[in-house]
Structure formats: structure tokens, C-alpha cells
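So the structure is just underneath, and the comments pick up after that.
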Amino acid sequence: MIEVEWWEYDSLDELADAVAGDVGFIIESAIDARGSSLIAVPGGSTGPAIFPKLAKQSLPWKKLTIVPTDDRLVPMDDERSNIRGIAKTFLPLGARVVPIAADIQDPKLAGNSADARLQDLPWPPDLVWLGMGSDGHTASIFAGPDMQDALDAPKARRAVGVTPDPMPADMPVPRVTLTRAAILSARTVTITITGQQKRDLLEQAIADGQSSKLPIGRVLAEAEQPIDIHWCP
Ligand code: 6PG
């Protein structure tokens, strides 16, 4: 059974303060223990709305490496790119920001390139921070013909390319994503979501576990570590 802890807040601002504090503590503890830290952060809007509060903390930024949990196969300066927002916020602080989406349109090849970049990093991540879409996707593990590749990739595989099917109406582009194995290799996995619809969907996905039809349910079903879920209405 997946072990989850729900943390509830009255507003996104309150949630952001708490999550920024938690992430800062994870980074600091990792650097104290091992001299460096690697974290993977989400795209979308909820996660990035929290980045500025994390950036305000006084942390040993030069000892931190940040990767996106996933990215769209678009140019890095495209507003749809996840790495664009991460770099804008954390590069000026001295953090090392590593893109995973190369300028390759073929999702399979892009997935191989993303995996190669991640293979060069000290593993496992101290934190994989996930969002969840209203369709139950997480990172860029979407329902469709590529979902099984992302779920069943071997332990050593850190990223794959994905073409969601159906394509999300708001972002109809192929992507690269951390695999389930890479997500669950993290020392800590945390999820940030907002709204009752997503809360109900995530609770159902957790209850359904391996039999969930939702990507996030299938990812979490294999979790061995406790999962922190931060939620506000
Ligand atoms: C992406 C994300 C994705 C995101 C969810 C939640 O590239 O879209 O990484 O997994 O975290 O879609 O997005 P919101 O927080 O905007 O709802």
C-alpha cells in the first residue's frame, strides 16, 4: 500500500511557503551530508509558482544541480519550455541547471539524449518534485502508447521520449520525461496539486494503485518511500 501524507493549506501562497521551506531543507541536508544536491522539479504552473519562494532562501546554490522532471520538445527559449523558467529563476543564483530536452524532434531519440544527460549526473536525486495534470499525468508520463515504456523502463533508464495520445489540448507537443524508476529512485518524492478535482483524482489513483488507469496511480503504486502531497483548494 502506498504510504502518503497529505499536507493541506488554505491558499497557494501558504502552500508555496511550506513547500519552499521543505525543498530548501532537503537541499541543505543533502549538501551537509554529501557535499552536493540534485533535485528534479516540475513544469506546468503550480510548481513554477513556488520557485520564487525557494529562490529567496539563502542556500549553497553552487552545490545544487536542478533538472526538470520532464520537458516539452520545443526550443529552450520557447515559453512552453520547462527548462526556460527553471533557468531564469535559478541560474542567476549560481545553481547548475541541466536541460534534458535536446533539439531533436523524434521523441525516441530525444528520450535517448535525455537519458544520456541524466546518466552523467550523480544519482539518485535527493528530491523528485511532481505536479499532476487534470488527466492524471505526472511529469510527462501520459496515457497513450508510450506510457508503458515510461512505467516499465529498467531501473537504469532515467528518461524516455513520450508522445501523449491523446495530445493534451493545451500543449500538443511530444516530450521527454523521467521514467517511473527514476522518479522512485529519489530519496524524497513530493507532489504539489491544487483544487478539489485533482485531489479527488489523486486519492482515487492512490486507492486504485497498480490497477489505476491514471499514470500517476501507476507511478505511485511502486513507491517504497513515503510520498508527501501538498494541497490547497
Ligand atoms: C508539464 C509538467 C506536468 C505538470 C502538470 C501539472 O510539463 O506539464 O511537468 O507534469 O506538473 O501538468 O501542471 P499544473 O501545476 O500547471 O496543473
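Values quoted throughout were computed directly from the atomic coordinates according to the rules given, and no laboratory measurement underlies them. The structure presented is a predicted model; accordingly, all values stated were derived computationally and were not measured. Counting neighbours? That spans all protein chains shown, and the Cβs are built from the backbone with ideal geometry, glycine included.
Would you kindly state the longest site-free stretch of the chain, with sites defined as GluC sites (Glu not before Pro) in a DSSP loop (not H, G, I, E, B) surrounded by at most 16 other Cβ atoms within 10 Å?
Working: sites that count: 3, 79, 222, 224.
Between exposed loop sites, the widest span is 80-221.
Could you count how many Lys pairs in the chain have their Cα atoms under 30 Å apart, skipping same-chain pairs fewer than 8 positions apart?
Total qualifying Lys-Lys pairs in the chain comes to 18.
Apply the a/c threshold of 1.5 to the C-alpha gyration tensor of the stretch 48-141 and tell me whether it is rounded, prolate or oblate. Present the calculation step by step, with values, prior to reporting the outcome.
Numbers: a/c = 1.57, a/b = 1.35, b/c = 1.16.
Prolate.
If you average the sequence gap of Cα pairs under 8 Å that are 6 or more apart and divide by the length of the chain, what percent do you get for the contact order?
RCO, the chain: 25 percent.
Where the centroid of each part is defined by its Cα atoms, how far is the stretch 73-133 from the stretch 183-203 in Å?
For the stretch 73-133 versus the stretch 183-203, the Cα centre distance is 20 Å.
Which of the helices in the chain, when you take each full DSSP H run, stretch at least 24 Å along the axis at their Cα atoms and have an average Kyte-Doolittle score of -0.5 or higher?
Working: long enough: 12-34 (32 Å, 0.62).
Span-like helices, by this rule, are 12-34.
Around residue 89, what is the net charge, scoring Lys/Arg as +1 and Asp/Glu as -1 over all other residues with Cβ under 11 Å from its Cβ?
Details: positive: 53, 56, 84, 88; negative: none.
Around residue 89, the surrounding residues sum to +4.
Rounded if a/c is under 1.5, else prolate if a/b is larger than b/c, else oblate: which is the stretch 1-47, with a ≥ b ≥ c the root eigenvalues of its Cα gyration tensor?
It comes out prolate by the Cα gyration axes.
Rounded if a/c is under 1.5, else prolate if a/b is larger than b/c, else oblate: which is the chain, with a ≥ b ≥ c the root eigenvalues of its Cα gyration tensor?
On the way: a/c = 1.35, a/b = 1.07, b/c = 1.26.
In terms of gyration-tensor shape, rounded.
Can you say what percent of the DSSP beta bridges in the chain, counting only those with both residues inside, are antiparallel? Round to 5. The partial results should precede the final answer.
Numbers: 8 of 32 bridges.
Taking every DSSP beta bridge within the chain, about 25 percent pair in antiparallel fashion.
Where does each of 140, 11, 36 land when they are ranked from fewest to most other beta-carbon atoms within 10 angstrom?
Lowest to highest Cβ neighbour count: 11, 36, 140.
Nearest 500 deg cm²/dmol is fine: what mean residue ellipticity at 222 nm does the chain get from its DSSP H runs of n ≥ 4 alone, each adding -39,500 (n - 2.57), divided by its residue count? Could the numbers behind the result be given before it?
On the way: 8 runs with 85 residues, N = 233.
Taking each H run of at least 4 residues, the total per residue is -11000 deg cm²/dmol.
Rank 26, 216, 83 by mean-square fluctuation in a GNM of the chain with C-alpha springs under 10 angstrom and give only the top-ranked residue.
Looking only at 26, 216, 83, the largest GNM fluctuation is found for 26.
Taking the DSSP beta bridges in the stretch 118-233 as the whole, what percent of them are antiparallel, to the nearest 5?
Details: 5 of 15 bridges.
That works out to approximately 35 percent antiparallel.
Add +1 for every Lys or Arg and -1 for every Asp or Glu among the other residues with Cβ under 14 Å from the Cβ of residue 142, and state the total. Present the calculation step by step, with values, prior to reporting the outcome.
On the way: positive: 72, 175, 180, 213, 218; negative: 70, 71, 135, 146, 149, 165, 170.
After counting each charged neighbour, the total is -2.
Report the trypsin sites (Lys or Arg not before Pro) located in the stretch 59-164 that are in a DSSP loop and have at most 13 other Cβ atoms inside 10 Å of their Cβ, or state none.
Details: sites: 62, 63, 72, 80, 84, 88, 96, 108, 117, 155, 157, 158; in loops: 80, 155, 157, 158.
When the trypsin sites (Lys or Arg not before Pro) of the stretch 59-164 are filtered for loop state and at most 13 Cβ neighbours within 10 Å, 155 remain.
Of 165, 22, 120, which is the most mobile in a GNM of the chain whose springs link Cα atoms less than 10 angstrom apart?
Maximum fluctuation in the GNM of the chain, among the listed residues, is at 120.
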